[in-house]
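Computed from the coordinates by the stated procedures, all read-outs in this text should not be read as laboratory data. Owing to the predicted nature of the structure, the values given are computational and were not obtained by experimental measurement. Cβ sites come from the backbone with ideal geometry, for glycine too, and all protein chains shown count toward neighbours.
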Amino acid sequence: MEGPPLWQRLLAALAYLLPWSDGVPFGEALFSLVPALQWLVLPVLPLMALQQQIPFGGFLLFLVLFLAVVRNTRVPYFIRFNVLQAILIDIVLILVSLAFNVLLRPMGAGFALRTLSNTVFLATLLLVVFSVVQSIRGREADIPTVSEAVRMQLY
């Protein structure tokens with residue numbers, strides 16, 4: 001078996017629960033249309049509860065992951081790469097969420113807002129599934145721009 005050991009692959013895949021936890025709220029409209037999609041929320045329920053129960057839980061989780069994993073050179077590169085990539089995807093999702101709340105929600109919950117929200121949800125789902133599959137295969141999930149930024153930070 002080539003590549004990183006299985007435990008590194010699983011930990012790397014686990015990192016993508018962070019962006020998934022911030023992508024799930026975008027799927028609220030889809031959950032009412034397709035109730036079976038609600039099963040996709042189960043893996044992130046503990047993380048979402050942790051972020052809501054602890055004040056600044058999301059920020060604290062970000063700091064712990066960044067300082068204890070990404071900046072720790074004793075942690076294998078494969079795990080550091082995937083954790084930092086998950087953090088960057090999560091930052092993008094947080095910015096998109098802020099844009100939705102500030103710019104689009106005051107206009108009302110119309111068709112356009114639901115369509116944009118569903119698009120963000122489905123894009124996040126595809127991105128997370130792709131990244132998890134690549135992590136389990138022992139390969140870096142090559143996402144344009146994001147992976148380049150991660151490599152620049154880690155080298």
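Worth a mention:
- Of Glu140, Glu148, the sequence from fewest to most neighbouring Cβ atoms within 10 angstrom is Glu148, Glu140.
- Listed values (1) 1.24; (2) 1.39; (3) 1.08, entry calculated as Cα Rg over 2.2 N^0.38 Å: (3)
- Within the chain, the whole DSSP H helices whose Cα atoms reach 15 Å or more along their own axis and whose mean Kyte-Doolittle score is at least -0.5 are 77-99, 111-137.
- Label zone at Ser32, where the point sits 7 Å out along the Cα-to-Cβ direction: segment 98-117 residues whose backbone N lies under 20 Å: 100-102, 104-117
- FRET efficiency estimate (nearest 0.05) - Cβ-Cβ, Glu2 to Gln52, R0 35 angstrom: 0.30
- Estimated 222 nm signal from helices in the chain, with DSSP H stretches of n ≥ 4 weighted -39500 (n - 2.57), rounded to 500: -19500 deg cm²/dmol
- Within segment 86-121, backbone nitrogen closer than 14 Å to the virtual label 7 Å beyond the Cα of Val133 toward Cβ: none
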